């Protein structure tokens, strides 16, 4: 016999294959969205820390005076550097640098070490965000001579 339609088995197989492909493409779309959200948040963090680093570097002259008075405050040549965990901001000489909207400062640490005239100011922060798969670690060390 010459039939011009589909059998029930062919229709079910076609529908099942279409559903498998749809679910697979949906999973790929979700994964790509997460990758872009993660990359976008990291990019926003890096842009913010680029500005913060420039401001710190401008205050650290060739012969700097740095005094860290607590775990979240240092005085650099008369300019205060403060990390405010609850406010999600870093303050340099009264100028606030807010973290991007979804980013929070989970923990931080300011360390100052000197070996003779060679001194180092180390800033460490762990940032968290709903857009990031893992915490973002910011760790930078500035060299200056005293």
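The values are calculated or read from the model by the stated rules, or taken from the named source; none is laboratory data. None of these values were measured; they are calculated from a predicted model. No Cβ is skipped: glycine too gets one built from the backbone with ideal geometry, and neighbour counts run over all protein chains shown.
Values as computed for the structure displayed
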| item | result |
| --- | --- |
| Which listed residue, of 83, 52, is assigned to a strand (DSSP E or B) and in contact with a strand residue (DSSP E or B) (Cβ under 6 Å, 6 or more places away or on another chain) | 83 |
| Test for residue 86: is it closer than 17 Å to residue 101 by Cα and surrounded by fewer than 11 Cβ atoms within 10 Å (Cβ to Cβ) | yes |
| Members of segment 94-110 found to be farther than 20 Å from residue 37 by Cβ and touching a strand residue (DSSP E or B) at 6+ places or on another chain (Cβ under 8 Å), listed by number | 94, 96, 97, 107, 108, 109, 110 |
| Which numbered condition residue 90 misses (of (1) part of a strand (DSSP E or B); (2) touching a residue at least 40 places away in the same chain (Cβ under 8 Å); (3) touching a helix residue (DSSP H, G or I) at 6+ places or on another chain (Cβ under 6 Å)) | (2) |
| Where a residue in segment 128-145 is loosely packed, with under 13 Cβ neighbours inside 10 Å and its partner, wherever it lies, is in a loop (DSSP other than H, G, I, E, B), with Cβ under 8 Å and at least six apart | 130/102 |
| Which listed residue, of 18, 69, is at negative phi, more than 23 Å from the chain's Cα centre (by Cα), loosely packed, with under 13 Cβ neighbours inside 10 Å and not in a helix (DSSP H, G or I) | 69 |
| Residue 78 at positive phi and surrounded by fewer than 16 Cβ atoms within 10 Å (Cβ to Cβ) | yes |
| Segment 93-122 - residue that is more than 13 Å from the chain's Cα centre (by Cα) and touching a residue at least 40 places away in the same chain (Cβ under 8 Å) and, of those, surrounded by the most Cβ atoms within 10 Å (Cβ to Cβ) | 121 |
| Number of the condition not met by residue 4 [criteria: (1) surrounded by 14 or more Cβ atoms within 10 Å (Cβ to Cβ); (2) modelled with pLDDT under 85] | (1) |
